[in-house]
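One structure is given here, and the rest of the page talks about it.
FYI, it's all coordinate maths here, none of it is from the lab. What you see is a predicted model, and the numbers here were worked out from it, not measured in a lab. Every residue, glycine as well, gets a Cβ built from its backbone with ideal geometry; the counts of neighbours run over all protein chains shown.
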Amino acid sequence: MNIKRYRQVRAGVALFIAALVSSGVVQNNMILAGVAVVTGMLFLALVRSKTKIVVDEREKLVREKAAQAAYAIFAPTIGVGSYLLIMLGRNTPYLFALGQVLAYLALYLIALYALSFHLLNRKFGGQSEE
Amino acid sequence: MKNNVRLLRTTSDLTQEQLADQLGVSRQTVIAIESNRYLPSLGLAFKIARVFGKRVEEVFVYEEE
């Protein structure tokens, strides 16, 4: 990643966070605004680079591991969360709807992972040539 | 896997920054390799050996687990 790309990513994340914060404030949803601010601060503090940006094989490995850990935590969390919300929210439409949204999100994540795995497996020659 | 990167670097009068520049990696990566916290790829291992004018097996020593 060069400096230009790095700045673009930072700007994109900052824009997204700003949109969430303003939407939270407008809709009087202070939890969303608060979580967005904290997440934004965390991102800007942890994912920063000095003058020179070198993306080498170790950094790529770190990114792979971070993405893997994020997936490994996020997928089961929303999977179990959606199931519980659907079960517990039978008499509460709001919880039920939230559970359904999370269920679709979990399915989307699983499909995305499967597709990425398949394409990357092909790209790196994991299929038999016989 | 053990390695002699730190020894070879100091005897070659190179700083971690200079070695990193020659290898095209970050200084953090050189630090991680020297302290055995990161095992470099085969390509980078050959590059490191070439910088010191050694063979790969002289820089990296395989040890049975």
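Laid out as a table, the results:
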quantity	calculated
Candidates B:43, B:24, B:53, ranked by Gaussian network fluctuation over chain B, Cα under 10 Å, top entry	B:43
Computed [θ] at 222 nm, deg cm²/dmol, the protein assembly as shown (DSSP H ≥ 4; -39,500 (n - 2.57); rounded to nearest 500)	-24000 deg cm²/dmol
Cα-based shape type of segment A:57-108, given that a ≥ b ≥ c are square roots of the gyration tensor eigenvalues and the cut on a/c is 1.5	prolate
Built amide H within the under 5 Å cut-off of residue A:56, gap 5+	B:26
Cα centroid of segment A:7-37 to Cα centroid of segment B:15-65, whole Å	42
Residue (of A:40, B:3, B:61) at the positive-pole extreme of the protein assembly as shown, dipole from beta-carbon charges	A:40
Overall Cα dimensions of segment A:29-122, principal axis frame, Å, largest first	56, 41, 14
Cα-centred dipole magnitude for chain A, charges only on beta-carbon of K, R (+1) and D, E (-1), debye, nearest 20	580
Gaussian network model of chain B, springs between alpha carbon atoms under 10 Å - residue of B:14, B:39, B:23 with greatest fluctuation	B:14
10 Å Cβ neighbours from other chains, averaged over peptide A:56-66	4
Gaussian network model of chain A, Cα within-10 Å springs - most flexible of A:112, A:46, A:95	A:46
Residues with amide H under 5 Å from that of residue B:3, placed H, sequence gap 5 or more	B:61
Shape of the protein assembly as shown, Cα gyration tensor, a/c cut at 1.5	prolate
Among A:100, B:36, A:29 - extreme Cα towards positive end, dipole of the protein assembly as shown, charges at beta-carbon	A:29
Relative contact order of chain B, defined on C-alpha pairs under 8 angstrom at six or more residues apart (%)	44
FRET E, pair residue A:28, residue B:55, Förster distance 41 Å, beta-carbon r, rounded to 0.05	0.05
Within 10 Å of each Cβ in B:32-41, the average number of Cβ atoms from other chains	2
